[in-house]
There are 2 protein chains.
Amino acid sequence: MKPLKVGLLGLGVVGGGVWNVLSRNGGEIARRAGRSIEVSRIAVRDMARARSKVGDAAAITTDPFEVVRDPEIDIVVELIGGYTLALELVREAIAQGKHVVTANKALLACHGNELFAAAREKGVMLVYEAAVAGGIPIIKALREGLSANRINWLAGIINGTTNFILSEMRSRGLSFEAALADAQRLGYAEADPTFDIEGVDAAHKLTLLASMAFGVPVQFDRAHVEGISKLAQEDIVHAENLGYRIKLLGITKLRPDGIELRVHPTLIPEGRLLANVEGAMNAVLVHGDAVGPTLYYGQGAGEEPTASAVIADLVDVARLQGAAPEQRVPYLAFQHDAMADTPILPIEDVRTAYYLRLHVDDQPGVLADIARILAEAEISIGSMIQRPHGDSGADIIFLTHQAVERDVNRAIGLIEQLPQVRSSVTRIRMENLA
Amino acid sequence: MKPLKVGLLGLGVVGGGVWNVLSRNGGEIARRAGRSIEVSRIAVRDMARARSKVGDAAAITTDPFEVVRDPEIDIVVELIGGYTLALELVREAIAQGKHVVTANKALLACHGNELFAAAREKGVMLVYEAAVAGGIPIIKALREGLSANRINWLAGIINGTTNFILSEMRSRGLSFEAALADAQRLGYAEADPTFDIEGVDAAHKLTLLASMAFGVPVQFDRAHVEGISKLAQEDIVHAENLGYRIKLLGITKLRPDGIELRVHPTLIPEGRLLANVEGAMNAVLVHGDAVGPTLYYGQGAGEEPTASAVIADLVDVARLQGAAPEQRVPYLAFQHDAMADTPILPIEDVRTAYYLRLHVDDQPGVLADIARILAEAEISIGSMIQRPHGDSGADIIFLTHQAVERDVNRAIGLIEQLPQVRSSVTRIRMENLA
């Protein structure tokens, strides 16, 4: 069969990885795909740099629209990122009847509904294994491998930067700021790390996973997004003493009344596999009603792991290029006319357990007052520790049983009004993941 | 689209699970597949029992060939097991032009080459996600998700019975016999547990994984197969004290001179995720050159986890039924005309690290003699402990660096001839999995 002609938009970290892996493993890949996959045209910003990498093996241009409109090209691989130029290019590629492979979670989490509809109309594939958890084939697992299941929930470590920072904070006792500086020095965090550390990147990925798990449109704007920048070293230590680790999790759950969709630091029992995912690694735990718990682990970012996912998509497209639309996997796992309108629940409706830390005056009655407030809000306490802290003060830590966030918010408001409570209450959600 | 008509051979544990999951999740599955999947005919041994389960919802027969030859049926799901009747039935189903879904690792590990060739000739699919690691979509990951990679090696806990027994031996200090009795009582081991405990079941699965990883024909007869029935409680304790856990691993590695293909008890560092896979759970660690390490974890057996995999295959077949052969994934991941003839290496050629335990007379010179034998065989020692054991005796445990098994065998033979060595040397292979 004739080679599949690929147009590459971007030759940065991931684009370079795609080039390298296709060059090195081209033979092995063709042994699987039944045809070779050939990058024939590349759009870049820096011609000279690109030329030094690819030589004369591909045409190079600085105009990405040239690639997208090239009639010789079967598939466009979008590795530019962001939602401005990338959005225009993917729109145009689809309009030109090209299949699109992208690693761009931000684009799909924010514009996926429009883009999938356009792709369906033109009968082209728009695939994105590399958009979530790098080289881990989690999208294939969710869209295909678990198709027999009603997915109950999933929880994932889907941002390597924050998991690296949290690992450093725990293992080396660093503050958030020091661990972030380390991550930047080692290339695990960008110069402007906001999207990673504030949970936005994880929420983009979670939004896609939730849509594939439950068959709902992508709704990034409904996700609760909370990062790790306010996490104190002392909470990591307290959590560890109580038998927990703190991870930035993306969690989505199907409940009878709607879908929970939330990214936040989370205490999880130290024995869980997810608790032992260290450094920049990613892992996603998916719970289906038939299969039970399944977990997928690997490198969530980096040149070649991400390229591995991009190329797996290319091989799929190579196989299914000539197939009828119904012979392909639906964009978001579910047929477009079978999508559900299950609402995404606001964070106040979330039901989970909580870690609460309070700094109080060490005086008689304070614990009684707090316990009364919690009881009146119907929040029951699983365990509690109190430790001296500072001058005639104490830290009290509660681990609650499951409660509704709205009730917890109200209780925290009342607790913070108590005269013996010295500062605002630290609240971290807890999941058992059983 | 019209429903996909499935003929089910067997309504035991897995067959019953398929029936239950399709009944419960039929709507959800059709939302994904775009058509419904309908079990229209079932072959069973006990008509009355089957009738009480399925009522009038499917035709029931005691003649499986009736199902296989039914012109109304699109796909045959073979859940009978074994290689006699199942082989005949799968052959006949293929001859009749039916697609086949099977959970039968023994059949494919021993007759896969013949069956895949027959299926190719007839242009039908023969898929087997449920044959390895139950509900974990490891076959989809290997055949499709990691298609960009040169697979370097994989190692898996792919037999739940033995992992359950090893977990009990470690956590409760039980002997192998006591843990096996427990496993039988709890339904994790069969009345005749030979295939599980002697590693045969794991070797069937590993044989399939190796073929998909490296693109070689299935060669079960070349696998090294060693079970856990001779494992002593004391070795589990020694391993633990040295920072290791013992797991029954299926390991396959691509080397420049061939493929290692082996199932045996293995010491692995306690911090590895694989070391923390407990009870009847399964996990497979796959190392690809681009993606690095990836791990897949879940329930490796049981009614609904296995049904989850069978039905995922049914959904794939439903999609690709009308597709051209080149639009489908190759049976063993690689195109049939691109299979390699890389040899499977004999166990004597395997290169790994070793745990060696010797029971010796506690006399001057014995350690010197042993150390000399090891040195002459070019086996270098990573660590060693010596403990008093019995009357004027001692246990010596060596952890060696990597060595060739042939050299280790020769050294063990010489060591066992030393007059101060009281019993045969216990040898357990060790893998770092890094």
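Points to keep in mind about this one:
- When the stretch B:287-302 is filtered for residues that are modelled with pLDDT of 95 or more and either within 15 Å of the chain's Cα centre (by Cα) or open to solvent by 20 Å² or more (accessible area, probe 1.4 Å) (or both), the ones remaining, listed by number, are B:His287, B:Asp289, B:Pro293, B:Leu295, B:Tyr296, B:Tyr297, B:Gly298, B:Gln299.
- Filter result (small (Gly, Ala, Ser), open to solvent by less than 10 Å² (accessible area, probe 1.4 Å) and within 8 Å of chain A (Cβ to nearest Cβ)) within the stretch B:310-322: B:Ala312
- Here the stretch B:191-208 is the region considered, the condition is being open to solvent by less than 20 Å² (accessible area, probe 1.4 Å) and small (Gly, Ala, Ser), and the residue that is nearest to the chain's Cα centre (by Cα) is B:Ala202.
- Scanning the stretch B:366-423 for residues that are on the phi < 0 side of the Ramachandran plot and polar (S, T, N, Q) returns B:Ser380, B:Ser383, B:Gln386, B:Thr400, B:Gln402, B:Asn409, B:Gln417, B:Gln420, B:Ser423.
- Taking first residues from the stretch A:288-303 that are in the same structural domain as A:Asn152 (by TED's automatic domain parsing) and partners that are basic (Lys, Arg), the Cβ contacts under 7 Å between residues at least 6 apart in sequence or on separate chains come to A:Gly288/A:Arg150; A:Asp289/A:Arg150.
- Test: residue in the stretch B:104-126 that is assigned to a strand (DSSP E or B), within 14 Å of chain A (Cβ to nearest Cβ) and either open to solvent by less than 10 Å² (accessible area, probe 1.4 Å) or over 30 Å from A:Val14 (Cα atoms) (or both): no
- A search for C-beta distances below 6 Å between a residue of the stretch B:89-114 that is β-branched (Val, Ile, Thr) and any residue that is open to solvent by 10 Å² or more (accessible area, probe 1.4 Å) and part of a strand (DSSP E or B), counting only pairs 6+ apart in sequence or on different chains, returns B:Val101/B:Val127.
- Of the residues contained in the stretch B:165-186, none is found to be closer than 30 Å to A:Leu142 by Cα and either assigned by TED's automatic domain parsing to the domain that holds B:Gln327 or among the hydrophobic types (A, V, I, L, M, F, W, C) (or both).
- Top-ranked residue in the stretch A:54-81 [being in a helix (DSSP H, G or I) and within 31 Å of the chain's Cα centre (by Cα); ranked as surrounded by the fewest Cβ atoms within 10 Å (Cβ to Cβ)]: A:Phe65
- In the condition set (1) facing chain B (nearest Cβ under 8 Å); (2) touching a strand residue (DSSP E or B) at 6+ places or on another chain (Cβ under 6 Å); (3) at pLDDT below 95, A:Val366 is compliant with all but (1).
- Taken over the stretch B:209-236, the criterion of being open to solvent by less than 30 Å² (accessible area, probe 1.4 Å), farther than 24 Å from B:Ile165 by Cα and part of a helix (DSSP H, G or I) is satisfied by B:Ala210, B:Ser211, B:Met212, B:Ala213, B:Phe214.
So that you can scan it fast, the table gives a plain yes or no per residue for (1) in a strand (DSSP E or B); (2) at the interface with chain B (Cβ under 10 Å from one of its Cβ atoms); (3) open to solvent by less than 10 Å² (accessible area, probe 1.4 Å):
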position: A:Met1; (1), (2), (3): no, yes, no
position: A:Leu8; (1), (2), (3): yes, no, yes
position: A:Val18; (1), (2), (3): no, yes, yes
position: A:Arg41; (1), (2), (3): yes, no, no
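- Only one of B:Ile158, B:Ile138, B:Ile151 that is within 14 Å of chain A (Cβ to nearest Cβ), closer than 28 Å to B:Arg222 by Cβ, buried (at least 21 other Cβ atoms within 10 Å of the Cβ) and within 14 Å of the chain's Cα centre (by Cα): B:Ile138
- A single entry from B:Val284, B:Val263, B:Val277 fulfils the requirement of being closer than 27 Å to B:Leu399 by Cα, away from chain A (no Cβ under 13 Å) and open to solvent by less than 10 Å² (accessible area, probe 1.4 Å): B:Val263.
- Filtered residues of the stretch A:82-97 (kept if open to solvent by 10 Å² or more (accessible area, probe 1.4 Å), farther than 23 Å from A:Gly302 by Cβ and of a type outside the set (Val, Ile, Thr)): A:Leu85, A:Leu87, A:Glu88, A:Arg91, A:Glu92, A:Ala95, A:Gln96, A:Gly97
- Conditions (1) facing chain A (nearest Cβ under 9 Å); (2) part of a helix (DSSP H, G or I); number of the one not met by B:Gly26: (1)
- Residue check, A:Ala375 more than 33 Å from the chain's Cα centre (by Cα), modelled with pLDDT of 95 or more and outside the structural domain of A:Leu254 (by TED's automatic domain parsing): yes
- Filter result for B:Ala179 (more than 17 Å from B:Arg328 (Cα to Cα) and in contact with a strand residue (DSSP E or B) (Cβ under 6 Å, 6 or more places away or on another chain)): no
- Matching option when the condition is under 30 Å from B:Ala318 (Cβ atoms), touching a residue at least 12 places away in the same chain (Cβ under 8 Å) and aliphatic (A, V, I, L, M), among A:Leu166, A:Leu208, A:Leu174, A:Leu242: A:Leu208
- Checking B:Glu326 against (1) at the interface with another protein chain (Cβ under 9 Å from one of its Cβ atoms); (2) free of Cβ contacts under 8 Å to residues at least 60 places away in the same chain; (3) open to solvent by less than 10 Å² (accessible area, probe 1.4 Å), the condition it does not meet: (3)
- The stretch A:330-383: number of residues that are in contact (Cβ under 8 Å) with a residue 60 or more places away in the chain and over 24 Å from A:Asn152 (Cβ atoms): 7
- As for the stretch A:338-357, it holds at least one residue that is over 30 Å from A:Leu208 (Cα atoms), crowded, with 17+ Cβ neighbours inside 10 Å and not assigned by TED's automatic domain parsing to the domain that holds A:Arg245.
The values are calculated or read from the model by the stated rules, or taken from the named source; none is laboratory data. Given the structure is predicted, the values throughout are model-derived calculations rather than measurements. Neighbour counts run over all protein chains shown; Cβ positions are idealised from the backbone, glycine included. Accessible surface areas use protein heavy atoms only, side chains included; no ligands, DNA or RNA. Shrake-Rupley method; radii C 1.70, N 1.55, O 1.52, S 1.80 Å.
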